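**Student:** Take a look at this one; I'll ask things after.
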Amino acid sequence: MVRFEIKKIFGKRINKLVLVLLFVIVLIGSFLAIRDVRCYQEDGSVRSGVAAISQLKKLKNKWRGAVTEDVIKKVVQENQLSRDSETIKLARQQSFDDIREMINAGFSPAEGYDYYTADQISPEKAAKLYEQRIEKLKEELSAGNEEGNYTNKEKEFLIHQYESLKTPLYYEYAEGWKALLDSQYLPTLMIITIVMIGFLVSGIFSDEFQYKTDSVFFSSRLGRSRAIVSKIAAGFLAITVVYWSVMLLFSAIILCVVGFGGAGCMIQTGLGNWESFYNITYLQDWLLTMFGGYAGNLFILSFAMLISVKSRSTVLTVTVPFVLSCAPMFLGRVQILTKIMNFFPDMLLRISKFLDVLLVCEVGGNVIGVYPFLIVLYFLLSLAIIPVLYCGYRRAEVK
Amino acid sequence: MELNIIDLTKKFGKFTAVNHLNVTMTNGVYGLLGVNGAGKTTLMRMICTLLGPTSGTITCDGKDIMSMGENYRKKLGYLPQDFGFYPEFTVQDYLLYIAAIKGLRPVVAKKRVNDLISGVGLSKAANKKMRKLSGGMKRRAGIAQAMLNDPAVLVLDEPTAGLDPNERIRFRNLISELAENRLVLLSTHIVSDIEYIANEILLMREGELVHRGTAAQLIASMKESVWKCYAQKKDVSHFMKNYKISNMKSEPDGVELRIISNERPAMDAVPEEANLEDVFLYYFGEKVSDTNGAI
């Protein structure tokens, strides 16, 4: 029965079109993400994409290894020794740019990031980078805008997380993971994917009413039992297969072209996640992002299927994934809603972009990061929707 | 097999679609006859467990069909009035899918589907997409799906609607063939269809059973006679206002009228033998004066 339900989903012309479109979007997204890998040349030109990768890899891997105090000092010295023009300087800084950015982020004033911090700092001061990271957090938690936003328990948790980061950090070329996880393309692709899968699953339940096949369906022997289970199974199978196919294809294209290197580096090695309290590697970041996205997809799309059962409208159902994945972004701009919006399922589609934001919550007396909590919460809610879906459809009357 | 409808009522808000209906049916073909809105489809949907009754029950061999669930539905075949289909499925896929939701094992389903495809004359169209079938072919696919589980109760709601005369006759014969050893409940507006194949006819009006019996019994139950007469065109409106007109046929020198009336409607009127269409008109028909006499 599941086979026929799958055939119904993928047999629809619009759904075939959606799949082709999704494939094209993955290719375009991968191309753009790869194109954003840039290598500056001393003559002022810029190489990008495939042409830049091998050169950049060679340059960055010169600094491969532990980012110790000595390495930090050396980076500051090399950075400040250069008296070349901005163009040549930019080209030469590339090899240690990630470490330079860690220094910038670490020693920039609380008011905001300053790109030139590393140009003015003394090597001895810069060497205290890891201690400075913790000190800066403590200062921010006890003063300024952060005051009052966190409970003492949450503050303790954040400080503990910062202190637990094993230093010195190991560094190597990790542009593949950065292109994949630190760019805006992955969250955008996740939103597009969820909207597209919305088209696929929107008709699983409501099409029986739209096609007027409901009478035969519900008057059949298994029409109010196993046939519904097979519809639910087909829905979850379609969500799972399409989501993971898109994500694995996108990841594989970028990592195969830009490189798998750096999977074991901590995400704090660079500007993007220097302030993150998640002490994880790029590979773990990828897993968290992917499973988070999957939990978000499962919940939003199973909720859409529930709307399909209740409303019997395929058109209304198609709008649900779009509304749930996009509307909270705008509502979150309303100050009183900001905190609540952090718990909406759309957050799971943007994990990689917001890992550096200090979002925590207290569950059962323990403080944890928001994302692990949301993954478990929405995965369980997706499972909780299944019996509601089943019972709602089972009781349907044909008037 | 005995299907017992006991004091069955179905209300949609203030509207009563089926009103305290009591019928017992055993094997045989039952024709359900009534005007639009008489409650035929609602009754059939309740028999198919698609709608729950507001009050009353339907029992199958003494057990409530709603409580029986799967055990009842496995005996049921239904061809709805608005027969829908999955447009991207081929005829074979469609029937295999319905066989699956009817709980047939794949091996049995495959054989049954092939038998029914040839049985309803769709062998050449087996691999055609459902959306590409003609109206008649779709109806044949519809009857095939209803027969997949060899049902003991076969419910056919307007099965010949929209078919051309050839398809209708073919379909009618098909239903007659399938009617052996089962209970067939057939609803239609086309009186001749019922006249040919139904063993017993149930007349419904405003949710109630008005009369039941064989065609001959129903004809005999008419308390008025059937007359044939000729009239000038200018006099037709007078007849329409005062009598139930069963048929009107234009002739070069006037109009031939078939009238249902207690008294002789005209001096030249001659008595005619009544048929089921006359019965239909007798029970459900209205004189023009009943509806738009003011016009």
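Values quoted throughout were computed directly from the atomic coordinates according to the rules given, and no laboratory measurement underlies them. Everything numeric here is computed off the predicted structure, so don't read it as measured data. No Cβ is skipped: glycine too gets one built from the backbone with ideal geometry, and neighbour counts run over all protein chains shown.
**Student:** According to a simple spin-label model (label point 7 Å from Cα along Cα-to-Cβ), what is the distance in nm between A:Ile340 and A:Gln210?
**Tutor:** 3.2
**Student:** Mind ranking B:155-167, A:299-311, A:263-275 by how tightly packed they are, going by the mean number of other C-beta atoms within 10 angstrom, highest first? The partial results should precede the final answer.
**Tutor:** Numbers: B:155-167: 18.3, A:299-311: 23.0, A:263-275: 21.5.
Descending packing order for the listed peptides: A:299-311, A:263-275, B:155-167.
**Student:** Can you check what the net charge comes to around B:Asn262, using other residues whose Cβ is under 12 Å from the Cβ of B:Asn262 (Lys, Arg +1; Asp, Glu -1)?
**Tutor:** Net charge in that neighbourhood comes out at +1.
**Student:** Helix A:282-311 against the longest principal axis of chain A: what's the angle in degrees, Cα atoms only, rounded to the nearest 10?
**Tutor:** For helix A:282-311, the angle is close to 30 degrees.
**Student:** Among A:Ala174, A:Gly29, A:Ile159, which residue has its Cα positioned farthest towards the positive end of the charge dipole of chain A, with +1 placed on the Cβ of Lys and Arg, -1 on the Cβ of Asp and Glu, and the dipole taken about the Cα centre?
**Tutor:** It is A:Gly29, whose Cα lies furthest towards the positive end.
**Student:** Moving on. How large is the helix-only mean residue ellipticity at 222 nm for chain A, computed as the sum of -39500 (n - 2.57) over DSSP H runs with n ≥ 4, divided by its residue count, in deg cm²/dmol to the nearest 500?
**Tutor:** My calculation for chain A gives -21500 deg cm²/dmol from helical runs alone.
**Student:** For peptide A:270-280, compute the average count of partner chain beta-carbon atoms within 10 Å of each residue's beta-carbon.
**Tutor:** Shielding by partners across A:270-280 averages 0.
**Student:** Quick check: the angle from helix A:370-394's long axis to the longest principal axis of chain A, C-alpha only, nearest 10 degrees?
**Tutor:** Compared with the principal axis, the helix lies near 10 degrees.
**Student:** Averaged over peptide B:56-64, how many Cβ atoms belonging to another chain are found within 10 Å of each residue's Cβ?
**Tutor:** Average per residue, whole number: 0.
**Student:** Sticking with this structure for a sec: Report, in listed order, any pair from A:Lys58/A:Lys178; A:Lys8/B:Lys10; A:Lys8/B:Lys138; B:Lys102/B:Lys138; A:Lys8/B:Lys128 with a Cα-Cα distance greater than 23 Å.
**Tutor:** Working: A:Lys58/A:Lys178 16 Å; A:Lys8/B:Lys10 34 Å; A:Lys8/B:Lys138 18 Å; B:Lys102/B:Lys138 19 Å; A:Lys8/B:Lys128 16 Å.
Result: A:Lys8/B:Lys10 exceed 23 Å.
**Student:** Next up: Among B:Lys233, B:Lys11, B:Lys129, whose mean-square fluctuation peaks in a Gaussian network model of chain B (Cα, cutoff 10 Å)?
**Tutor:** B:Lys233
**Student:** If you only keep lysine pairs separated by 8 or more in sequence, or across chains, how many in region A:67-148 come under 19 Å at the Cα atoms?
**Tutor:** Pairs that pass both the separation and distance tests number 10.
**Student:** Right, another one. What does the average come to when, for each residue of peptide A:224-233, you count the partner chain Cβ atoms lying within 10 Å of its Cβ?
**Tutor:** 2
**Student:** May I pose another question? How large is the charge dipole for chain A, taken about the Cα centre, if only the Cβ atoms of Lys, Arg (+1) and Asp, Glu (-1) carry charge, to the nearest 20 debye?
**Tutor:** My answer is approximately 2360 debye.
**Student:** So, one more: Based on Cβ point charges of +1 for Lys and Arg and -1 for Asp and Glu, what charge dipole magnitude is obtained for the protein assembly as shown about its Cα centre, in debye rounded to the nearest 20?
**Tutor:** 1640
**Student:** Determine, for each peptide in B:19-25, A:127-133, the mean count of other beta carbons within 10 angstrom over its residues, then list the peptides with the highest first. Could you put the intermediate results ahead of the total?
**Tutor:** Numbers: B:19-25: 16.4, A:127-133: 18.1.
Listed from highest to lowest mean packing, they are A:127-133, B:19-25.
**Student:** What value, in deg cm²/dmol to 500, does the helix sum -39500 (n - 2.57) over DSSP H runs of n ≥ 4 give at 222 nm once divided by the residues of chain B?
**Tutor:** Working: 12 runs with 103 residues, N = 295.
Computed ellipticity for chain B at 222 nm equals -9500 deg cm²/dmol.
**Student:** While we're here: Straight-line reach from B:Lys234: which aspartates and glutamates fall under 15 Å, measuring Cα to Cα and dropping same-chain residues less than 8 apart?
**Tutor:** Candidates past the 8-residue exclusion: B:Glu251, B:Asp253, B:Glu256.
**Student:** Another question, if that's okay. Using only Cα atoms, find the angle between the long axis of helix A:97-107 and the longest principal axis of chain A, and express it within 0 to 90 degrees, rounded to the nearest 10.
**Tutor:** Rounded to the nearest ten degrees, it is 80.
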